[in-house]
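Working notes for the structure below.
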Amino acid sequence: MNGFDGLWLKKLQRTLPPCETPAETAKAELSAFFADRGLGETFALAEDEALGEGYRVCWEGACCRVAGGHTGLLYGAYDVILGLLKGEGRQDLASAPQYPLRMLNAWDNMDGSVERGYSGRSLWFEGGRFDYDPERIRYLGRLLASAHINVLCLNNVNVHAPAQELVSGMLGDLKAFAALLRPFGVRLMVSIDFSLPLSAGLPTADPLDAGVREFWKALADRVWAEVPDLAGFLVKADSEHRPGPNAYGRTHAEGANMLAEAVVPHQGVVVWRAFVYDCMQDWRDAQTDRPCAAYKIYQPLDGDFRDNVILQVKNGPYDFQVREPVSPLLLSLKKTHLALEVQLAQEYTGQQIDLYAMPPMWREIFDVLPKENICSMAAVSNLGRGYFWTGHPFAALNLYAYGRLAWQPDTEPGRMIGDWVRLTYDLNVEDRESLCRLLAGSRNAYEKYTAPLGLCWMVVPHTHYGPCPGGYEFDLWGTYHRADRNAVGIDRTGEGTGYALQYPEKLHELYENLDTCPDEMLLFFHRLSYDWVMRDGRTLIQRIYDDHFEGYEAVRAMAETLRALPLPENDKAEAESRMQRQLRNAREWRDVINTFFHRLSGVSDARGRRIYP
Ligand code: GCW
């Protein structure tokens, strides 16, 4: 059962009186908050639809005037409250979102499990049906609204029975659930199964078949009659064995457009995932290179998608690895609406056992990706029914910061981290800074003790926690490092698989050229021998050893820092016990990876540290 520790709203009253609309919620939050403060502050809300989701806040003495559209008032109210909680004083504010759809994708199954979930079971499904505490869902609404997240996709993109029925037999439940989140400006989205017409008894799910088109239109009419503000459908098709248009010789555009046509009368969108590759690759096949796949499929379709289709692209071309270059699709599609997908669930980044604060990584993405290239964002949720909503109490930072990022991607990582810390913990300046540094450096530490220099995929297969350098090497997933006794990595330059050619010229040159390719991506783009000399004069093998020793030491230092922090008892106990597990994990990674490369290369550590034989 969820608690309230570790949450940035924990200083607010636990419950709110029932509200019908976002504007009413804004009123209820501000009334309760100002009453609690007891400083005689008052407020006035003025609805101004021209401001949309944006808002303006103007203080006149102790009276706070908020103007905003329907949900803008709510966001304005939360920003006033959070600002005061952070100790920023009575500030005038004006803000509007960069992206209209700021989505959270839950990978929740109806049996209550959560695919890649590390925070306990689903918050709303159990035993094949909806099963939730309405108060907790309303609290979830507050959390999401306060982070300005406005769409929640309820079910796993891998649609497992009976989740197909969310849009048929369970419409009443969907309607009731939507009603709980509506006052928080959160609209629902549902993942659908492309082969649904077949389970409904139709002979085909071919998107060009007239009967299939009628089926989806009628279905959309029924769904939107119950949930008129449903945001749309999310679709994983022709990906990892999910059904899709390819089975009928149709393109992804034909598949997506057929659904888009069905939802367009309801102002719905179809969010179509671009996570498509050959998941049955023969490891002997060195020509096929998985990161090339999505671009090859979708680049030729640029301009073919209907206006209400959004192509949702993972940040990197592989799959949420610790270090990947930005997906070239995000940089090259010019006539397609794009959503950037990131993963808050720490599937490959420590599973909410190891600390991994994401804002620094997101900054690097937006350093390369012009924010105007995309029209929306999605994040795979890290929420669950555990005592700490995000497993690790500090992992709540990633949810909070994601909302800030999707609202305004220019927000500085240090600001997001600092704000979350100030909202969540009462610390003196020194301790606060020390916690901020711990969080800000966590990604760097994790990267050092895991797979080196952009190599990826040295994880334990399937569970994806802990080291296993050979685990995916002879498997079907297109995830190889091809380390031998001389060299490691894959040549993805024009001479190699050609992946680097998918980038715009300047980036292509940057990555292709060994003099300019950033160190941390060297082995993503190049195959190098162990004695290759890096820009700083170290050999490649020495750099691998150094990183792994340093990564482990960094975690030891993090554990020391954590021990000294005066955090609330529950948070501290949980964070410390997870830190012990992280230390063991880091040690395991350090030794397995160092031994693996030592055995292959026969090269000893120049600094004589212990590498197990
Ligand atoms: O990385 C893979 C995950 C799958 C996930 C898939 C996807 C939901 O291991 O668990 O399936 O990505 O993003 O569709």
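Numbers below:
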item: Pair list, Cβ under 9 Å, 6 or more apart: segment 444-462 residue without any contact (Cβ under 8 Å) to a residue 24 or more places away in the chain, other residue of a type in the set (Ser, Thr, Tyr); result: PRO461/TYR472
item: Test result for VAL322, among the aliphatic types (A, V, I, L, M), more than 16 Å from the ligand (Cβ to nearest atom) and either in contact with a Lys or Arg (Cβ under 7 Å, 6 or more places away or on another chain) or at pLDDT 95 or above (or both); result: no
item: Test: residue in segment 430-445 that is in the same structural domain as ALA231 (by TED's automatic domain parsing) and either over 28 Å from MET189 (Cβ atoms) or more than 16 Å from the ligand (Cβ to nearest atom) (or both); result: no
item: Single residue of VAL488, VAL429 found to be hydrophobic (A, V, I, L, M, F, W, C) and buried (at least 23 other Cβ atoms within 10 Å of the Cβ); result: VAL488
item: Subset of segment 562-575 [part of a helix (DSSP H, G or I) and either at pLDDT below 95 or exposed (fewer than 15 other Cβ atoms within 10 Å of the Cβ) (or both)]; result: ARG563, ALA564, GLU569, ALA573
item: Filtered residues of segment 129-159 (kept if touching a Ser or Thr at 6+ places or on another chain (Cβ under 9 Å) and more than 16 Å from ALA231 (Cβ to Cβ)); result: ASP131, TYR132, GLU135, ARG138, TYR139, ARG142, ASN156, ASN158, VAL159
item: Pairs with Cβ under 6 Å, 6+ apart, first in segment 203-214 and outside the structural domain of PRO243 (by TED's automatic domain parsing), second modelled with pLDDT under 95; result: none
item: Subset of segment 260-277 [within 14 Å of the ligand (Cβ to nearest atom) and assigned to a loop (DSSP other than H, G, I, E, B)]; result: ALA274, PHE275, VAL276, TYR277
item: Sole exception among (1) at pLDDT 95 or above; (2) more than 16 Å from the ligand (Cβ to nearest atom); (3) closer than 22 Å to ASP475 by Cα for GLN287, by number; result: (1)
item: Residues (within 16 Å of the ligand (Cβ to nearest atom) and either outside any loop (DSSP other than H, G, I, E, B) or over 14 Å from the mean Cα position of the chain (by Cα) (or both)) located in segment 89-107; result: MET103, LEU104, ASN105
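Residue by residue, here is whether (1) outside the structural domain of ILE81 (by TED's automatic domain parsing); (2) under 15 Å from the mean Cα position of the chain (by Cα); (3) touching a residue at least 12 places away in the same chain (Cβ under 8 Å); (4) more than 26 Å from PHE194 (Cα to Cα) holds:
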site	(1), (2), (3), (4)
ASN109	yes, no, yes, no
GLY117	yes, yes, yes, no
PHE125	yes, no, yes, no
ASP131	yes, no, yes, no
ARG142	yes, no, yes, yes
ALA147	yes, yes, yes, yes
LEU152	yes, yes, yes, no
VAL157	yes, yes, yes, no
GLN164	yes, no, yes, no
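The values are calculated or read from the model by the stated rules, or taken from the named source; none is laboratory data. None of the values given here were measured: they were computed from a predicted structure. When we count neighbours, we look across all protein chains shown, and the Cβ atoms used for this are built from the backbone with ideal geometry, even at glycine.
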